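Data first, discussion second: the structure below is written as structure tokens.
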Amino acid sequence: MKEKFVTVPDAVVQALEGAGNIVLFTHIHPDGDALGSLFGLADLLLASGKKVFCYLEEPVSHLYDFLPGCELANCSLDDLESFVDEASTDLVALALDCGDADRLGVHREKFLNISPFAVIDHHLSHRDFGTVRWVESSRSSTGEMVYELAMALGLEITYRAAYNLYVAICTDTGSFRYDCTGSRTLHIAAELVEKGVRPEEVGGHLFDNYSKERLKLMEFVLATMNLYESDQVAFIHVTRQMLRESGATMEDVEGFIDYPRSLRTVKIAVFLKEGKNGQVSVSMRAKGECDVAAIARGFDGGGHRNAAGFRLSNTSIETVRLQVQEKVSRVLHDQKK
């Protein structure tokens, strides 16, 4: 079946073409798609003569410090304000891979005062913000959308941009395994490889570059796995005590949820992460028709049908586990009707 996509909205193209200064944002705790899209687009815009400011609330995770363009990341609010002031009206802001304004971080209200404020995102649960939007949930990744944007702008894909966009697409498609992967996704990936990207090199950085502390933490986390609903649901969790004992960081848990999800019988995997001051973050992954984004929305979260999450405060892992288990069980039972 032929895939149907919208063309890049003229308003997005015109906003970027008409501004000499561009501020790029993405969501807090950025993943590979967020960072790859950010640095990939930044490189393309810089090569076209634009001035670009890449704002991140916190430094790039060690998991992604191999990305070309990390040196562009700036966490200084003062530097951002200076850039905005100097640009005056010759300015546009663009949020990438951000499904909700709250995900812009603690200074979001200040950022949203920039106008025009454009948004490019592919989350099914997207909540509209900004003044110019391109939201397309049928896309595999924001990285895929940035490639299409580059084509609409008539920009030549540089090697650095190709590398970043390949990482963006690779990470959000589970190395091209998830059902969001379509023929257009693979065509774009092939075009990026034509630009010199080596898949084995990217794979080495993403999957063969772990620390012994991460493996120790994985041992602790996988030991917490519990199965429910005739082994169709798997829960794992990580505590701050585990982080201390392993010497790892919360960044190191990326990808852990794929292990319970990989079990033959499992349809939904849930990962509970204990934060500071009674905060618990929840990541969910699903197979097939199980819609975990709907579950996440019930907790004021969001994401995609097969990958979603949310965060709760003033609670505990056990309390959240019971709440989520009830919702997940209901989803599975409704499927049987």
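Details
- Between helix 317-336 and the chain: long-axis angle, C-alpha atoms, 0 to 90°, nearest 10: 90 degrees
- Residues whose amide H lies under 5 Å from that of VAL23, counting only those 5 or more places away or on a different chain, are PHE53, VAL92, ALA93, LEU94; hydrogens are built 1.01 Å from N in the peptide plane.
- Beta bridges per DSSP with both ends in region 212-336, % antiparallel, nearest 5: 75 percent
- Rounded, prolate or oblate (a/c below 1.5 giving rounded, otherwise prolate when a/b exceeds b/c) for region 1-117 by Cα gyration tensor: rounded
- Exposed loop sites were defined as GluC sites (Glu not before Pro) in DSSP loop states (anything but H, G, I, E or B) carrying at most 16 other C-beta atoms within 10 Å; in the chain the longest segment without such a site runs 4-155.
- Only helices enter this figure: runs of n ≥ 4 DSSP H residues, each worth -39500 (n - 2.57), summed and divided by the residues of the chain, yield -12000 deg cm²/dmol at 222 nm to the nearest 500.
- Residues ILE188, ILE257, sorted so that the one with the fewest Cβ neighbours within 10 Å comes first: ILE257, ILE188
- For region 287-297, backbone phi angles converted through the Karplus equation (6.51, -1.76, 1.60; θ = phi - 60°) give residue-by-residue couplings of 10, x, 8, 5, 9, 7, 5, 5, 5, 4, 4 Hz, Gly and Pro being listed as x.
- Exposure proxy ranking for ASP90, ASP291, ASP97, based on other Cβ atoms within 10 angstrom of each Cβ and starting from the fewest, stands as ASP90, ASP291, ASP97.
- Its relative contact order, with pairs defined as Cα atoms under 8 Å and 6+ residues apart, puts region 212-336 at 19 percent.
- Per-residue ³J(HN,Hα) for region 239-249, Karplus 6.51 cos²θ - 1.76 cosθ + 1.60, θ = phi - 60°, Hz, x for Gly and Pro: 10, 5, 5, 4, 4, 5, 6, 8, x, 8, 10
- Of the residues MET151, MET218, the one with the fewest other Cβ atoms within 10 Å heads the list, and the complete ranking is MET151, MET218.
- Region 103-143-region 37-98 distance, computed between alpha-carbon centres (Å): 15 Å
- The stretch between HIS107 and THR239 holds 44.7 nm of extra length on full extension. This uses 0.36 nm per residue minus the Cα-Cα distance.
- Label-to-label distance, nm, for residues given as CYS70 and SER138 (7 Å Cα→Cβ offset): 3.7 nm
- Rounded to the nearest 20, the size of the Cβ-charge dipole of region 107-167 about its Cα centre is 200 debye, with Lys and Arg at +1 and Asp and Glu at -1.
- Taking Cα atoms only, the orientation of helix 212-222 departs from the longest principal axis of the chain by about 50 degrees.
- Fraction of beta bridges assigned by DSSP in the chain that are antiparallel (%, nearest 5): 40 percent
- Förster radius 41 Å - calculated FRET efficiency between SER175 and HIS333, Cβ distance, rounded to 0.05: 0.80
- Taking every alpha-carbon pair under 8 Å whose residues sit at least 6 apart, the chain reaches a relative contact order of 14 percent.
- Residue-wise HN-Hα couplings along region 50-61, as the Karplus relation 6.51 cos²θ - 1.76 cosθ + 1.60 with θ = phi - 60° gives them from phi, are 7, 9, 10, 10, 9, 9, 10, 5, 9, x, 4, 4 Hz; Gly and Pro carry x.
- If the chain linking SER262 and SER316 were pulled fully straight, counting 0.36 nm for each residue of separation and taking away their Cα-Cα distance, it would gain 16.8 nm.
- Between helix 77-87 and the chain: long-axis angle, C-alpha atoms, 0 to 90°, nearest 10: 30 degrees
- Shape analysis of the chain based on the Cα gyration tensor places the equivalent ellipsoid semi-axes at 33, 22, 20 Å, largest first.
- Cross-link pairs beyond the 22 Å C-alpha cut-off, checked among LYS212/LYS273; LYS51/LYS110; LYS267/LYS336: none
- Estimated distance in nm for a label pair at ALA294 and GLU81, the labels positioned 7 Å out from Cα along Cα-to-Cβ: 4.6 nm
- Other-chain or far-sequence residues with amide H under 5 Å of GLY275's (modelled H): VAL280, SER281
Values quoted throughout were computed directly from the atomic coordinates according to the rules given, and no laboratory measurement underlies them. Just so it is clear, the model here is predicted, and its values are computed rather than measured. Every residue, glycine as well, gets a Cβ built from its backbone with ideal geometry; the counts of neighbours run over all protein chains shown.
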